[in-house]
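Input: a single structure, listed below in structure tokens.
The values are calculated or read from the model by the stated rules, or taken from the named source; none is laboratory data. Since the structure is predicted, the reported quantities are computational estimates derived from the model, not experimental observations. Ideal geometry is used to build each Cβ from the backbone, glycine not excepted, and the neighbour counts take in all protein chains shown. Just the protein is used for accessible areas: all its heavy atoms, side chains included, with ligands, DNA and RNA removed. Shrake-Rupley method; radii C 1.70, N 1.55, O 1.52, S 1.80 Å.
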Amino acid sequence: MVEQHIASAFDRDLEAIQAQIMKMGGLVEAAIVDSARALETRDEELAQQVRIGDQAIDGLEELINEEAARVIAMRAPAAVDLRVVLSVMKIAGNLERIGDYSKNIAKRTGVLVQWHDSTDSSAALRRMAREVELMLKDALDAYIQRDVELAADVILRDREVDQMYNALFREFLTHMMEEPRNITSCMHLHFIAKNIERMGDHVTSIAEELIYLVTGSRPEDDRPKADTTSTAIEET
């Protein structure tokens, strides 16, 4: 009876933490969509809302980590149960980073209001962000449903995001070479594209975490990368 009580208490604790993960995931999904919309429409007010909203995402990560640490200390989970708690903390960390990238996009939107986008790339960036947002939704669904196949599909779809990024990188490079006056705006747009590409990497990490949680092993193959053309230019 005592063991049953401890198990049910652990399950309740875990359900509460996972509910917070889903809440955090919803906020991050909204941040991705809103930051891309703000960029496309040059909506400084919406961009400001994204920047402010990142505080709630950070707060949830802190809360989740505190709750997970409390569960480990009080329940002393072992084996699979411990893996579940640790996975929650890692997923929260990835979500927080995606939120940070959304905030960075929103920050650059304010700067780009001053510049004409000679590349007409905003729509392409929005499509790229939309794909990452859909990947995130599926990754979180896979986590809740313990769906390894869906998680594996998310990982494969990151290749499409990489392809979009590399196409944009080449476009920005061409515009900068053709007209030096485009350099400043194109560099900002490139960093935005890179932020979105990095979001895809963190979504992929969430999917990989689910696969590890269910199977006990990490995916063996390296993540497929569509191109390495642009890896020489990184944001500091």
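Values for this structure:
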read-out	value
Fluctuation leader among K23, K107, K137 - the chain, Gaussian network, Cα springs under 10 angstrom	K23
Folded to 0 to 90 degrees: helix 79-112 orientation relative to the chain principal axis, Cα	20 degrees
Percent RCO, i.e. relative contact order, over the stretch 72-186, from Cα pairs under 8 Å lying at least 6 residues apart	25 percent
Estimated dipole of the chain in Debye, rounded to 20 [Cβ of Lys and Arg +1, of Asp and Glu -1, Cα centre]	260 debye
Relative contact order for the stretch 1-153, counting Cα pairs under 8 Å that sit 6 or more residues apart, in percent	34 percent
Accessible surface of the chain [probe 1.4 Å, protein heavy atoms]: carbon and sulfur percent	53 percent
Ranked by how many other beta carbons lie within 10 Å on average, peptides 48-57, 195-204, 35-44 from highest	195-204, 35-44, 48-57
Residues R130 and E179, FRET efficiency given R0 of 35 Å [Cβ-Cβ distance, rounded to 0.05]	0.75
